[in-house]
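The structure appears below as structure tokens.
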Amino acid sequence: MGEATQVKFANTYVTGVGLEPYIVGAAMYLPENQTSTPLIGESGVFVIEVTNRTETEVTDVIDPAMESRLRFSMESRSNFEAYSALEESANVKDNRLELFYN
């Protein structure tokens, strides 16, 4: 059980946890002092409670470094997911271990 401070919608990285866009998004809409149902994140299952919320001014400026990290992360994930879906739908059987170790 831990506490995350200064969670921001513009930055979906949670200190001590990692990239958790779904959890950060849920935290933005959860009413204060209400405990969430279990939420499935990138690195685990979370139950969150917002104890304090500070509204900030919305800007149209996106940090270029953050945009680059998110773009790379999403491109990598989409490539992996697409490959996995193709492999699963083609009923591919990986026999490399049998070939090299038998």
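Quick look at the numbers
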item: Criterion violated by A82 - all others in (1) assigned to a helix (DSSP H, G or I); (2) touching a strand residue (DSSP E or B) at 6+ places or on another chain (Cβ under 7 Å) satisfied; result: (2)
item: Within the range 44-76, tally of residues that are surrounded by 11 or more Cβ atoms within 10 Å (Cβ to Cβ) and either closer than 20 Å to G18 by Cα or not assigned by TED's automatic domain parsing to the domain that holds Y29 (or both); result: 11
item: Odd one out for R53 among (1) in a loop (DSSP other than H, G, I, E, B); (2) at pLDDT 90 or above; result: (2)
item: Residue that is surrounded by the fewest Cβ atoms within 10 Å (Cβ to Cβ), among those in the range 33-43 that are β-branched (V, I, T) and either more than 24 Å from R69 (Cβ to Cβ) or more than 11 Å from the chain's Cα centre (by Cα) (or both); result: T37
item: Qualifying residue in the range 12-32 (condition: in a loop (DSSP other than H, G, I, E, B), surrounded by fewer than 10 Cβ atoms within 10 Å (Cβ to Cβ) and of a type in the set (S, T, Y)); result: no
item: Boolean, N11 is modelled with pLDDT under 85 and within 17 Å of the chain's Cα centre (by Cα); result: yes
item: V14 vs. criteria free of Cβ contacts under 8 Å to residues at least 12 places away in the same chain and among the β-branched types (V, I, T); result: yes
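Condition check ((1) closer than 30 Å to G2 by Cα; (2) of a type in the set (D, E, K, R); (3) touching a helix residue (DSSP H, G or I) at 6+ places or on another chain (Cβ under 7 Å)) across all residues:
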residue	(1), (2), (3)
V17	yes, no, no
Y22	yes, no, no
Y29	yes, no, no
T35	yes, no, no
L39	yes, no, yes
F72	yes, no, no
L86	no, no, no
L99	no, no, no
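The values are calculated or read from the model by the stated rules, or taken from the named source; none is laboratory data. Predicted model only: the values in this text are computed from it and were never measured. Here Cβ is always computed from backbone atoms with ideal geometry, including for glycine, and neighbour counts include all displayed protein chains.
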